[in-house]
1. Which of the residues spanning the range 147-172 are free of Cβ contacts under 8 Å to residues at least 24 places away in the same chain and within 18 Å of the chain's Cα centre (by Cα)?
2. Can you tell me which residue in the range 85-99 is nearest to the ligand (Cβ to nearest atom), limited to those that are surrounded by fewer than 21 Cβ atoms within 10 Å (Cβ to Cβ) and not in a helix (DSSP H, G or I)?
3. When you check residue 171 against the structure, is it more than 12 Å from the ligand (Cβ to nearest atom), surrounded by 14 or more Cβ atoms within 10 Å (Cβ to Cβ) and over 24 Å from residue 51 (Cα atoms), yes or no?
4. Spot the failing condition for residue 96; the list is (1) at negative phi; (2) free of Cβ contacts under 8 Å to residues at least 40 places away in the same chain, and only one is missed.
5. So for the range 179-186 (the condition being surrounded by 16 or more Cβ atoms within 10 Å (Cβ to Cβ) and of a type in the set (Lys, Arg)), does at least one residue qualify?
6. Are there any pairs with C-beta distances below 6 angstrom linking a residue in the range 17-43 that is touching a residue at least 60 places away in the same chain (Cβ under 8 Å) to a residue that is more than 10 Å from the ligand (Cβ to nearest atom) and of a type in the set (Asp, Glu), with the two at least 6 apart or on different chains, and if so which?
7. I need the full set of residues from the range 47-74 which are away from the ligand (no atom under 13 Å from the Cβ) and either closer than 27 Å to residue 135 by Cβ or of a type in the set (Phe, Trp, Tyr) (or both), in order please.
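Each reported figure results from applying straightforward, stated rules to the coordinates on display, with no laboratory input. Model, not experiment: these values are computed from the prediction. FYI the Cβ positions are ideal-geometry reconstructions off the backbone, even for glycines, and counts take in every protein chain you see.
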Amino acid sequence: MRNVLMIVSGPSGVGKGTLVKRLIKEREDVTECVTCTTRAPRAGEVHGREYFFLSKEEFERRIQEDGFLEYDKHFDNYYGTPKAFVEETLKSKSVVLEIDVVGALNAKKVYPDSVLVMIAPPSKEVLAARLRGRGTETDEEIARRLSRLNYELSQQDKYDHVLINDDLETAYNNLCNLLDEEKNKQ
Ligand code: 5GP
């Protein structure tokens, strides 16, 4: 069995965070890669849990040191995947990484063996309702995030797997099965 770098993407509000958290909690053979960002923490977010919150200067210093497996800028903030963590952890466990489409496709270039999983909503309407229900973003931010939806979904065919999150339980079981399938590949 091999350890897999599984990269999970999907539109905001699609439930990928919930699925990934459950995977980490229930499976001892998988660890989450906490990524770095220069955006401000949202209420309840903790340094080292949701993200490593870095200053712009610190982030740029790490770029110079080749410390990121990939990095990107969204909404004027940097986001990046710490390279050393991924490489070290893969020696003993699979790693799940939750990043956007551009980052995922860049990471796949560096690690062609990584497995790209897109979590897609049953419909745009369902996604909009979930985002509003979450209550963590302003209306303007919600509109901005929804406007990225068509782009994200248009990249589906570049992914190894597309998983529709209609029913959470079903989506979770499918995600687990998919990970096992990939771990068993030679
Ligand atoms: P948010 O600000 O809502 O937490 O995240 C904004 C976007 O950044 C999401 O699409 C999230 O998946 C993405 N993101 C988080 N970490 C990384 C990373 O390390 N690299 C890249 N490219 N995107 C990331």
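1. 150, 154, 157
2. Applying the filter and picking the extreme gives 90.
3. yes
4. The single condition residue 96 does not satisfy is (2).
5. Within the range 179-186 (the criterion being surrounded by 16 or more Cβ atoms within 10 Å (Cβ to Cβ) and of a type in the set (Lys, Arg)), the answer is yes, since at least one residue qualifies.
6. Pairs found: 24/32.
7. 47, 48
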